[in-house]
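S.K.: If you scroll down you'll find the structure; I have some questions about it.
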Amino acid sequence: MNGRTRATTLRFYKEQLLRVLVHIQQHLDEPLALEELARLGCLSPYHFHRVFSGMTGETLAGHIRRLRLERAASRLKLGRAPVVEIAFEAGYETQESFTRAFHAAFGAAPGQFRRRQGVSAVIKAASGVHYGGRKEPKNFRAAQLKGKPMNVIVKHIKPMRVAFMRHVGPYNEVGRTWERLMMLLGKEGLLGGASQCLGLCHDDPAVTPPDKIRYDACVTVDEKFRAAGEIGTQVIAGGEYAVLTHFGPYEKLGGSYTKLLGQWLPRSGRRLRATPCFEVYLNAPESTAPGDLITDIHAPLEPN
Amino acid sequence: MNTKLDLYKVHKAEYVTARQPALVHTKPAQYLAIEGRGAPGNARFQACIGALYGMAFTIKMTHKFAGKQDYAVCKLEGQYFGDLAGAAKEDWKWKLMIRTPDFIGEKEKAAAVATLLKRNKSPEFKEVRLETIEEGDCVQMLHVGPYDKEHETIEVMRRFAEGKGLRLAGPHHEIYLSDPRRVPAERLKTILRQPVGRGKAEG
């Protein structure tokens with residue numbers, strides 16, 4: 001793949017994201033639904049949030065909150081509306097909570113801020129995007145690659161038939177589902193050999209409330225396996241995947257996802273396919289220290 | 001619910017290993033084990049690992065499903081026999097092992113074989129045996145780095161043993177703490193264990 005294609009995809013992702021950023025600026029008073037924003041950005045809701053936070057360096061909610069505060073600051077400076085009204089407009093139910101958030105961001109209470117001259121109404125942000133009225137955000141900078149270079153491999157994967165149990169609830173409780181699945185498959189002689197343990201992540205924990213997160217604990221099986229009782233079967237889509245190996249505790253997987261989807265992907269020359277990401281667990285948490293756990297994160301790619 | 005038994009934690013003194021050699025006393029231990037010959041990592045070696053884990057998980061999960069004591073499947077270990085430095089890797093004789101609790105016996109093993117036979121898995125699992133190995137006093141040291149640099153660590157262990165009037169008696173035993181599929185060779189952690197005997201020269 002040449003540099004030009006990479007530059008083109010970075011531009012593609014930046015343009016998509018810019019449309020989302022413009023929409024957010026123009027609709028700061030409305031509830032901003034993730035599905036709608038993802039659609040505007042032509043990104044799958046599966047992956048939208050991670051691409052967004054990876055590229056802007058902020059979560060979607062954090063971005064919206066910051067812009068609302070910047071708008072409040074500029075209204076304090078330029079207008080005469082009472083603080084309570086500006087607080088309400090910024091999405092705060094009480095003036096106290098607004099004052100607290102405002103002080104944390106600008107180092108002064110709203111009243112003091114209004115009396116000062118020449119103070120800036122922007123809050124520092126890596127993306128360079130600030131509240132600018134109805135104008136298009138300028139100077140949008142995609143987050144730079146930080147830390148060690150990422151070792152991402154693009155792999156072609158054949159469709160995989162898996163036995164699975166669905167877990168609905170917080171990620172930190174998937175262990176119980178795994179224990180049961182492993183026990184039921186293990187006593188039938190279905191573990192070991194070439195079988196692999198996979199996790200299929202249907203939701204992004206930064207977006208979906210913990211009690212609604214859907215996660216499938218999966219073990220690869222051959223065609224002879226028949227689903228029964230609590231265990232179902234499904235086929236994990238084949239095709240090309242970007243694979244990043246995550247070393248360390250499962251609680252920190254989120255950061256690796258954000259790096260892969262928000263930093264590697266926009267510079268890769270590739271686009272995401274609208275199917276879920278999955279994880280392959282290479283070692284067993286029961287006999288491995290959390291720091292030594294190894295997980296391959298797979299993000300589905302559109303054909304080149 | 002029973003708490004999960006972890007043999008490596010129960011026998012912590014036999015497994016906590018530093019990058020300096022140390023004398024360790026080990027008690028007899030039961031393993032699931034399978035033997036083979038050839039370069040580590042070759043097809044036979046991989047098939048044996050698959051068979052060993054297949055047996056280990058089938059036995060463990062059957063036990064757990066029956067409501068009996070749950071336990072963690074231990075890490076992969078290996079013993080290597082004969083003159084490793086002198087022989088070509090292709091001629092190495094080895095035994096791959098997974099430490100297994102004493103309450104697992106031939107009956108449990110036979111039931112697992114019957115289950116795996118139904119699954120039509122590759123035939124190696126039939127070769128897996130249950131055996132108790134007694135190594136007694138050992139010199140032990142953590143090796144960090146590629147497997148083919150182990151001889152350097154073994155040399156340090158040899159000098160340490162000789163300094164105490166002991167000799168490395170073998171067979172060479174290693175406990176794989178890292179996963180060579182993803183961990184870069186220079187960061188692989190392996191416990192090296194050498195049973196020792198009185199006297200100076202080896203063999």
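S.K.: Of B:24, B:16, B:128, which has the largest mean-square fluctuation in a 10 Å C-alpha GNM of chain B?
M.R.: B:16
S.K.: Treat each spin label as a single point 7 Å out from the Cα along the C-beta direction, and report the residue A:119 to residue B:91 distance in nm.
M.R.: 8.3 nm
S.K.: Do any GluC sites (Glu not before Pro) in segment A:222-304 lie in a DSSP loop with no more than 13 other beta carbon atoms within 10 Å, and if so, which?
M.R.: A:223, A:230
S.K.: How would you classify segment B:10-89 from its alpha-carbon gyration tensor, with a ≥ b ≥ c the square roots of the eigenvalues: rounded for a/c under 1.5, else prolate if a/b is greater than b/c, otherwise oblate?
M.R.: Because a/c hits 1.5 or more and a/b fails to exceed b/c, segment B:10-89 counts as oblate.
S.K.: Still on this structure, I have one more. Given H placed on each backbone N at 1.01 Å, which residues far from residue B:76 in sequence or on other chains put an amide H within less than 5 Å of it?
M.R.: B:176
S.K.: What value, in deg cm²/dmol to 500, does the helix sum -39500 (n - 2.57) over DSSP H runs of n ≥ 4 give at 222 nm once divided by the residues of chain B?
M.R.: For chain B, the value works out to -9000 deg cm²/dmol.
S.K.: Would you please classify the overall shape of segment A:233-304 from the alpha carbon gyration tensor, given that a ≥ b ≥ c denote the square roots of the eigenvalues, rounded means a/c under 1.5, and beyond that prolate means a/b larger than b/c while oblate covers the rest?
M.R.: In terms of gyration-tensor shape, oblate.
S.K.: Something else now. Would you mind finding the longest exposed-site-free stretch of chain A, with exposed trypsin sites (Lys or Arg not before Pro) meaning DSSP loop and at most 15 other Cβ atoms within 10 Å?
M.R.: A:1-79
S.K.: Can you give the mean number of other chain Cβ atoms that lie within 10 Å of the Cβ atoms in peptide B:49-62?
M.R.: Taking the mean over all residues of the peptide, I get 5.
S.K.: Here's a follow-up. Going by the alpha-carbon gyration tensor, a ≥ b ≥ c the square roots of its eigenvalues, is segment A:59-109 rounded (a/c under 1.5) or, if a/c is not under 1.5, prolate (a/b greater than b/c) versus oblate?
M.R.: The shape class here is rounded.
S.K.: Counting partner chain Cβ atoms within 10 Å of every residue's Cβ in A:288-298, what's the average?
M.R.: For this peptide, the per-residue mean of nearby foreign Cβ atoms is 2.
S.K.: As a check on your grasp of the helix formula, calculate [θ] at 222 nm for chain A: sum -39500 (n - 2.57) over DSSP H runs of n ≥ 4, divide by the residue count, round to the nearest 500.
M.R.: Per the formula, -11000 deg cm²/dmol.
S.K.: So, one more: Can you work out the Karplus-derived ³J(HN,Hα) for every residue in segment B:184-189? Use 6.51 cos²θ - 1.76 cosθ + 1.60 with θ = phi - 60°, whole Hz, and x for glycine or proline.
M.R.: Ordered by residue, 3J(HN,Hα) equals x, 3, 6, 10, 5, 10 Hz.
S.K.: Going down the table (B:9/B:149; A:148/B:60; B:126/B:149; A:259/B:12; A:158/A:187; B:107/B:149), which pairs top 30 Å between alpha carbons?
M.R.: Among B:9/B:149; A:148/B:60; B:126/B:149; A:259/B:12; A:158/A:187; B:107/B:149, the Cα-Cα distance tops 30 Å for A:148/B:60; B:126/B:149; A:259/B:12; B:107/B:149.
S.K.: Something else about it: Filter the chymotrypsin sites (Phe, Trp or Tyr not before Pro) in segment B:63-149 to those in DSSP coil with at most 16 other Cβ atoms within 10 Å of their Cβ, and list the result.
M.R.: B:103
S.K.: State the answer as a single residue: which of B:29, B:138, B:72 lies farthest towards the positive end of the charge dipole of chain B, with beta carbon charges of +1 for Lys and Arg and -1 for Asp and Glu, about the Cα centre.
M.R.: Positive-most Cα among the choices belongs to B:72.
Taken together, the values in this text are just the output of simple stated rules run on the coordinates, not laboratory data. Bear in mind the structure is a predicted one, so any value in this text is a computation, not a measurement. Backbone-built Cβ (ideal geometry, glycine too); neighbour counts: all protein chains shown.
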